[in-house]
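Novice: Structure below; questions to follow.
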Amino acid sequence: MVGAIDGHTQWVALLGYPVKHSFSPAMHNAAFERLGLNWRYGAHAVRPEELEKAVAGLAALGYRGANVTVPHKEQVVSLLDLVDPSAKRLGAVNTIVISADGKTTGHNTDGTGFLRGLAQDGFSVAGASVLLLGSGGAARAVAFALLDGGARSLTVVNRTPDKAEALLDSLRQSRSAEGVTLRAGGWDEAFLRDCAKAADLVVNATSSGMVKGDGVIPYPLPPERWLSPGPFVCDLVYNPPETALLLTARSLGCRCQNGLPMLLHQGAAAFALWTGREAPVATMAEALAKATGN
């Protein structure tokens, strides 16, 4: 067991708004305990207008790092001393490392977490045809990871097609985009149905299907109207653990994954950046399962 909090305890934090729903504290504190590290992870609700003060405060208080979640991933980039090239390419940071002299460096482990999560269930994106729903921060990280992983084609669908096209414009500037077929479109039923039929992988990187308050965020089109048998279906939503998209996919015989594997593996990558130690992934997975009741 890790000893009591004392003057030697090293702190890391989650910065987001809101953060009450987060499973990250349970996951990381279990990992610290497993390795016998006198570290603690806390979650802090930070309003957007207070983010600059919060980042400066972490450095002033001697924190070792932080995770950054919605809605701060893009805003925080300009507040850091250094930004890792991969995070700079994305224009978003989800992990901050703070050095002994208070210098802050931003990283993004979302893409790594996404690919490792798929690999956990035996799926490789190399040579895959992918349908990606969404064009926000999570979709952006996934899209670049798909190119880096060797996907052969990528179709991005968004409520506003212009935003999907803007994401593709960013992707085209990457060397990884060479030879990759890139398309953009809106939530058109016939278009989605054709894309899903041709896809090896379907990824939902929108908030559709997520529990919010007393309800669930609706889909622009119900999954049963366009999803086909065949593709591996990955939903980055993990609350609820079985979204309508995943339930529909399972009814069609598709292999499925929710957002917990990505959460696990992006967290493990962040853990290694902070501590210099290999993360105890099995322990973190057990803590997530307990926290989520799965």
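The values are calculated or read from the model by the stated rules, or taken from the named source; none is laboratory data. Quick caveat, the model's predicted, so the values are computed rather than measured. All Cβ positions, glycine included, derive from the backbone under ideal geometry; neighbour counts span all protein chains shown. When the accessible area is computed, the model is the full protein with side chains, heavy atoms only, and any ligands, DNA or RNA have been set aside. Shrake-Rupley method; radii C 1.70, N 1.55, O 1.52, S 1.80 Å.
Novice: Step by step: first the residues of region 190-215, then only those that are part of a loop (DSSP other than H, G, I, E, B) and within 14 Å of Val157 (Cα to Cα), then the one that is most open to solvent (accessible area, probe 1.4 Å). Which residue is that? Please lay out each step first, then the result.
Specialist: So the first thing to find is which residues in region 190-215 are part of a loop (DSSP other than H, G, I, E, B), and the list is 199-200, 205-210, 213-214.
Narrowing further to those that are within 14 Å of Val157 (Cα to Cα): 199, 205-208.
Values: Ala199: 10, Ala205: 17, Thr206: 36, Ser207: 54, Ser208: 5 Å².
Ranking the candidates gives Ser207 first.
Novice: Filter region 151-184 down to residues that are part of a loop (DSSP other than H, G, I, E, B) and in contact with a Lys or Arg (Cβ under 9 Å, 6 or more places away or on another chain) and give me whichever is farthest from Ala126 (Cα to Cα).
Specialist: So in region 151-184, the residues part of a loop (DSSP other than H, G, I, E, B) come out as 151-152, 158-160, 173-174, 178-180.
Okay, now just the ones that are also in contact with a Lys or Arg (Cβ under 9 Å, 6 or more places away or on another chain), so 173-174, 179-180.
Numbers: Gln173: 20, Ser174: 17, Gly179: 13, Val180: 11 Å.
Here the answer is Gln173.
Novice: Does Arg140 fit the bill of being more than 19 Å from Asn258 (Cβ to Cβ) and in contact (Cβ under 8 Å) with a residue 24 or more places away in the chain? Don't jump to the end; show me each part of the working.
Specialist: On the way: more than 19 Å from Asn258 (Cβ to Cβ): yes; in contact (Cβ under 8 Å) with a residue 24 or more places away in the chain: yes.
Taking the combined requirement at face value, the residue satisfies it.
Novice: Checking Pro218 against (1) open to solvent by 60 Å² or more (accessible area, probe 1.4 Å); (2) touching a Lys or Arg at 6+ places or on another chain (Cβ under 6 Å), only one condition comes out false. Which one?
Specialist: Among (1) open to solvent by 60 Å² or more (accessible area, probe 1.4 Å); (2) touching a Lys or Arg at 6+ places or on another chain (Cβ under 6 Å), the lone unmet condition for Pro218 is (2).
Novice: Now, a different point. Buried (at least 22 other Cβ atoms within 10 Å of the Cβ) and of a type in the set (Gly, Ala, Ser): which single residue out of Ser174, Ser129, Ser135, Ser170 fits that description?
Specialist: Working: Ser174 fails: buried (at least 22 other Cβ atoms within 10 Å of the Cβ); Ser129 fails: buried (at least 22 other Cβ atoms within 10 Å of the Cβ); Ser170 fails: buried (at least 22 other Cβ atoms within 10 Å of the Cβ).
Going through Ser174, Ser129, Ser135, Ser170 in turn, just one is buried (at least 22 other Cβ atoms within 10 Å of the Cβ) and of a type in the set (Gly, Ala, Ser): Ser135.
Novice: Consider region 265-294. How many of its residues are open to solvent by less than 50 Å² (accessible area, probe 1.4 Å) and within 20 Å of Arg64 (Cα to Cα)?
Specialist: Going through region 265-294 one residue at a time, the tally reaches 13.
Novice: Ok, one more. Tell me yes or no: at least one residue of region 47-61 is open to solvent by less than 10 Å² (accessible area, probe 1.4 Å) and small (Gly, Ala, Ser).
Specialist: no
Novice: Is it the case that region 62-70 has a residue that's outside the structural domain of Ala270 (by the TED database), touching a Gly at 6+ places or on another chain (Cβ under 6 Å), closer than 27 Å to Gly293 by Cα and open to solvent by 10 Å² or more (accessible area, probe 1.4 Å)? Full working, then the answer.
Specialist: So the first thing to find is which residues in region 62-70 are outside the structural domain of Ala270 (by the TED database), and the list is none.
So far as region 62-70 goes, no, none of its residues is outside the structural domain of Ala270 (by the TED database), touching a Gly at 6+ places or on another chain (Cβ under 6 Å), closer than 27 Å to Gly293 by Cα and open to solvent by 10 Å² or more (accessible area, probe 1.4 Å).
Novice: Sticking with this structure for a sec: Could you please let me know if Thr104 is surrounded by 24 or more Cβ atoms within 10 Å (Cβ to Cβ), in contact (Cβ under 8 Å) with a residue 40 or more places away in the chain and over 28 Å from Leu192 (Cβ atoms)? It would help to see each step written out before you state the result.
Specialist: Numbers: surrounded by 24 or more Cβ atoms within 10 Å (Cβ to Cβ): no; in contact (Cβ under 8 Å) with a residue 40 or more places away in the chain: yes; over 28 Å from Leu192 (Cβ atoms): yes.
Spelling it out, it is not the case that Thr104 is surrounded by 24 or more Cβ atoms within 10 Å (Cβ to Cβ), in contact (Cβ under 8 Å) with a residue 40 or more places away in the chain and over 28 Å from Leu192 (Cβ atoms).
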